[in-house]
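To start, the structure itself, in structure tokens.
The values are calculated or read from the model by the stated rules, or taken from the named source; none is laboratory data. Because the structure is a prediction, the values reported are computed rather than measured. For neighbour counting, all protein chains shown are included, and Cβ atoms are generated from backbone atoms with ideal geometry for every residue, glycine included. The area values use the complete protein model at the heavy-atom level, side chains included, leaving out ligands, DNA and RNA. Shrake-Rupley method; radii C 1.70, N 1.55, O 1.52, S 1.80 Å.
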Amino acid sequence: MTEVTRAEYCVIACAEAWRDAGEILASPMGVIPSIGARLARRTFAPDLLLTDGEAFLVGPDGAVEGWLPYRQHLALVTGGRRHVMMGASQIDRYGNQNISCIGDWEKPRRQLLGVRGAPVNTLNHPTSYWVPRHSRRVFVERVDMVCGVGYDRVLDAPYHRIPRVVSDLGVFDFATADRSMRLASLHPGVTVAQVREATGFTLTVPDGVPYTRRPTAPELELIRHVIDPADTRTREVGH
């Protein structure tokens, strides 16, 4: 059988975030989430809406399919009809995300992107996360600043949901009694011990954690020869 790379398992894990999503707006941020969204659109999520990042709806090949005026975009964003996959400079056990600064926010050691749209995203529609390098610097006990809102801080937000966190080690969700992070699947070649060692908080690990599913032959064909023939995915996850 054809060997599947870690990057390709990550693509599949990201694509699965939009499985059977219906006609919602997909907003992937990052190379592998973008490949995953386009793969989902071409296979098991045919009604998914993709954009050029500005004002047009596009097909999986980038061809313009329609116009998305700003007012309509906001209606999708605030009405639960968007699923964004963002990055995270830090994320904690309850899904609080930080992309703003490292250290005390009054005098940070490092200034990052800023809060941006993270609070609005997390409170108004499903938000997943992509972390290309899983480490204790990212998966922390407590984020230095809350940008994306986690399960322990949300009160009354009917569209708040964090479907999954995908890293280069595995897939994580919040299907626990206290809505803390759980290891949902391991990418082949990764052990539970490796994940625990690279995580800065106690992670829920159920018995018999499955492996992330292998891409099908047609999916591999799409990834390698149609969506990403230049193999940009391995620049983001090279091992």
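Points worth noting:
- The set of residues in the stretch 178-199 being over 21 Å from Thr122 (Cβ atoms), out of contact with any Gly (no Cβ under 7 Å at 6 or more places or on another chain) and not β-branched (Val, Ile, Thr) consists of Pro188, Gly189, Ala193, Gln194, Arg196, Glu197, Ala198.
- Of all residues in the stretch 100-130, those that are crowded, with 22+ Cβ neighbours inside 10 Å and among the hydrophobic types (A, V, I, L, M, F, W, C) total 3.
- Considering only residues in the stretch 131-153 that are within 17 Å of Ser180 (Cα to Cα) and in contact with a helix residue (DSSP H, G or I) (Cβ under 7 Å, 6 or more places away or on another chain), the one that is most open to solvent (accessible area, probe 1.4 Å) turns out to be Val149.
- Val84 meets the conditions (1) part of a loop (DSSP other than H, G, I, E, B); (2) surrounded by 12 or more Cβ atoms within 10 Å (Cβ to Cβ) in every case but one. The failed one is (1).
- Figure legend. Inter-residue proximity from the stretch 154-165: first residues over 22 Å from Glu16 (Cα atoms), second residues of a type outside the set (S, T, N, Q), beta-carbon distance below 8 Å, spacing 6+ or different chains. Indicated pairs: Val154/Leu123; Val154/His160; Ala157/Leu123; Ala157/Val149; Pro158/Gly80.
- Restricting the stretch 2-38 to residues that are of a type in the set (D, E, K, R) and not in a helix (DSSP H, G or I), the residue that is surrounded by the fewest Cβ atoms within 10 Å (Cβ to Cβ): Glu3
- Condition check for Thr176: open to solvent by 50 Å² or more (accessible area, probe 1.4 Å), assigned to a loop (DSSP other than H, G, I, E, B) and among the polar types (S, T, N, Q): no
- Remark: pairs (first residue in the stretch 205-220, within 16 Å of Leu169 (Cα to Cα); second residue among the polar types (S, T, N, Q); Cβ separation under 8 Å; 6+ apart in sequence or on different chains) = Val209/Ser185; Pro210/Ser185; Tyr211/Ser185; Thr212/Ser185; Arg213/Ser185.
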